[in-house]
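S.K.: Pasting in a structure now, in structure tokens, and then I'll have a few things to ask.
The values are calculated or read from the model by the stated rules, or taken from the named source; none is laboratory data. These numbers come from a predicted model, not from an experiment. Cβ sites come from the backbone with ideal geometry, for glycine too, and all protein chains shown count toward neighbours.
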Amino acid sequence: MKLLIITGAHPTSSTAIGGLFISRNIKKLVEYGVECDIISYYINNNKFIRLIKILLRHDRIKYIKTINSDSVNYNFLSVNESFEDRLRPHKLIDKMVLTTIQERDIRAYDLIHAHWVYPHGYIASLLKQKYNIPCIISALGSDIHTHPYENPNTIPLILSGLHHADIVFFMSEALLKKAEELGYQGKNYRILSYGVDTDLFVPTEKDDVRRMLGVSPLNKKIVGFIGNLISVKGADRLPEIFKGVAEKLPDVQFVIVGSGVLRDSLEERFKKYQLNVVFFSGLTTEEVVQWINALDLLVVPSRNEGLPNVILEALACGCPIVGSDVGGIPEAIGNGGKIVQMGPDFETRFSDAVITVMSDPPDKNELRQRALKYDWREIVREQVHVYEEVIQSKIQV
């Protein structure tokens, strides 16, 4: 079986771990015996747009033809964008489709799998219609619950892609409902999240891992956040949440693993509140495993989500979670911590939930057992089964 994978979540020249959950998925597929060719698109802006981006400090990613992430090669196809393309997105889509056809023999693939709904999923659906190649789209989260509302003109194209796909993988029931709110009415879907490597994310003796990381004293409580420092992930809520925890548990160490546009403002606010917060970025997967095992609790105060892999990774390590009641967070956490409803006094109620869970944490073995349901081997087995079903149905037609 040979797949063309088109993805909009991927590493970049500045963020090597971008789209890491997709890299792990592809790596497991290859181990399973599936041949994968991975592409994404680099939009080569015209000079005027590039100048604007430089002035706004939004043009920090350099064009690189290939990036390796977790032993997976991402190949980037360069597409030239004119100013007219900005006004008429269809013209840019046409260029992306044409570039793909010029660079790849589409008929050589058994199936196209797009990870990201628009434009990547829409492009995959166009290639399907042109070449009669089976097409699957994975809806990840913000490509459904956020971006369509920021650019409503894309909604008809998003819905076209979803309806023309043979199968749409939604990360959670909640994400499916968000797609239905956009107007999706198809029955061509499966609920299938990404998985967790339960051989890598394993519980470790807390004292041992804290000695390794230089945490002192060993019995100090540690609360952590792991993710992009952006608003949709609720990173801007962290100062008030951590402040509320520190007021009731004075000797707490707070850890943030991640990077993003909110980093500088967060540091200023933590300093204002005199909070003990340590930042880490650019960590290897193994180092992330160590920090999860060092934590007493992980916070996930997102405003929107698909189904966060970091929750599955925490569960696999026996680490409890407090998360917001959005997207697939409640589905993922289950009885592995607490869910906080959105609304007034969110940060206060969230910090109270953190203290409650730390004072009476759930059983680590039960958390681990919950994570095993999302083991990559089970996810990939189901994924390949769907691939085979879709390919076989095309052959029969």
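S.K.: Considering only strands (runs of 3 or more DSSP E) fully contained in segment 33-96, which possess at least 3 residues that are at pLDDT 80 or above?
M.R.: 35-44, 72-80
S.K.: Of the residues Leu127, Leu176, which is in a helix (DSSP H, G or I), modelled with pLDDT of 95 or more and either outside the structural domain of Ile22 (by TED's automatic domain parsing) or over 25 Å from Val300 (Cα atoms) (or both)? If you could, list the steps in order and put the result at the bottom.
M.R.: Values: Leu176 fails: either outside the structural domain of Ile22 (by TED's automatic domain parsing) or over 25 Å from Val300 (Cα atoms) (or both).
Answer to the selection: Leu127.
S.K.: To continue, here is another question. For residues that are of a type in the set (Asp, Glu) and exposed (fewer than 13 other Cβ atoms within 10 Å of the Cβ), scanning just segment 336-381, find the one that is farthest from Leu29 (Cα to Cα). I'd like the intermediate steps shown before the answer.
M.R.: Applying the first criterion (of a type in the set (Asp, Glu)) to segment 336-381 yields 345, 347, 352, 360, 363, 366, 375, 378.
Filter again for exposed (fewer than 13 other Cβ atoms within 10 Å of the Cβ), leaving 345, 360, 363.
Values: Asp345: 44, Asp360: 39, Asp363: 32 Å.
Among those residues, the one meeting the criterion is Asp345.
S.K.: Further, regarding this structure: Against the conditions (1) within 18 Å of Lys206 (Cα to Cα); (2) touching a strand residue (DSSP E or B) at 6+ places or on another chain (Cβ under 9 Å); (3) of a type outside the set (Asp, Glu); (4) outside any loop (DSSP other than H, G, I, E, B), where does Cys319 fall short? Just the number, please.
M.R.: With respect to (1) within 18 Å of Lys206 (Cα to Cα); (2) touching a strand residue (DSSP E or B) at 6+ places or on another chain (Cβ under 9 Å); (3) of a type outside the set (Asp, Glu); (4) outside any loop (DSSP other than H, G, I, E, B), Cys319 is out only on (4).
S.K.: Moving to a separate point now. Does Ile133 qualify as being in contact with a Pro (Cβ under 6 Å, 6 or more places away or on another chain) and surrounded by fewer than 24 Cβ atoms within 10 Å (Cβ to Cβ)?
M.R.: Values: in contact with a Pro (Cβ under 6 Å, 6 or more places away or on another chain): no; surrounded by fewer than 24 Cβ atoms within 10 Å (Cβ to Cβ): yes.
Judged against the criteria, Ile133 is not a match.
S.K.: Continuing with the same structure: Within segment 187-278, which helices (runs of 4 or more DSSP H) (wholly inside it) include 3 or more residues that are free of Cβ contacts under 8 Å to residues at least 12 places away in the same chain?
M.R.: Helices (runs of 4 or more DSSP H) meeting the threshold: 206-213, 263-272.
S.K.: Could you give me the residue pairs with C-beta distances under 7 Å whose first residue belongs to segment 372-394 and is assigned by TED's automatic domain parsing to the domain that holds Arg190, whose second residue is of a type in the set (Phe, Trp, Tyr) wherever it lies, and which are 6+ apart or on separate chains?
M.R.: These pairs meet every condition: Ile379/Tyr194; Val380/Tyr32; Val384/Tyr32.
S.K.: For the condition over 30 Å from Leu162 (Cα atoms), not charged (D, E, K, R) and not assigned by TED's automatic domain parsing to the domain that holds Val384, what is the one hit in Ile222, Ile230? Walk me through how you get there before you give the answer.
M.R.: Working: Ile230 fails: over 30 Å from Leu162 (Cα atoms).
Step by step, each of Ile222, Ile230 is checked, and only Ile222 is over 30 Å from Leu162 (Cα atoms), not charged (D, E, K, R) and not assigned by TED's automatic domain parsing to the domain that holds Val384.
S.K.: From the set of residues in segment 131-148 that are part of a helix (DSSP H, G or I) and in contact (Cβ under 8 Å) with a residue 60 or more places away in the chain, which is farthest from Gln102 (Cα to Cα)? Lay out the reasoning, then the answer.
M.R.: Quick first cut of segment 131-148, residues part of a helix (DSSP H, G or I) only: 131, 142-145, 147-148.
In the following step, the residues that additionally are in contact (Cβ under 8 Å) with a residue 60 or more places away in the chain were identified as 142-145.
Details: Ser142: 30, Asp143: 27, Ile144: 29, His145: 33 Å.
Result: His145.
S.K.: Only residues that are more than 20 Å from Pro156 (Cβ to Cβ), aliphatic (A, V, I, L, M) and crowded, with 21+ Cβ neighbours inside 10 Å: list them for segment 76-130, please.
M.R.: If the condition is that a residue be more than 20 Å from Pro156 (Cβ to Cβ), aliphatic (A, V, I, L, M) and crowded, with 21+ Cβ neighbours inside 10 Å, then Leu111, Ile112 are the ones that fit.
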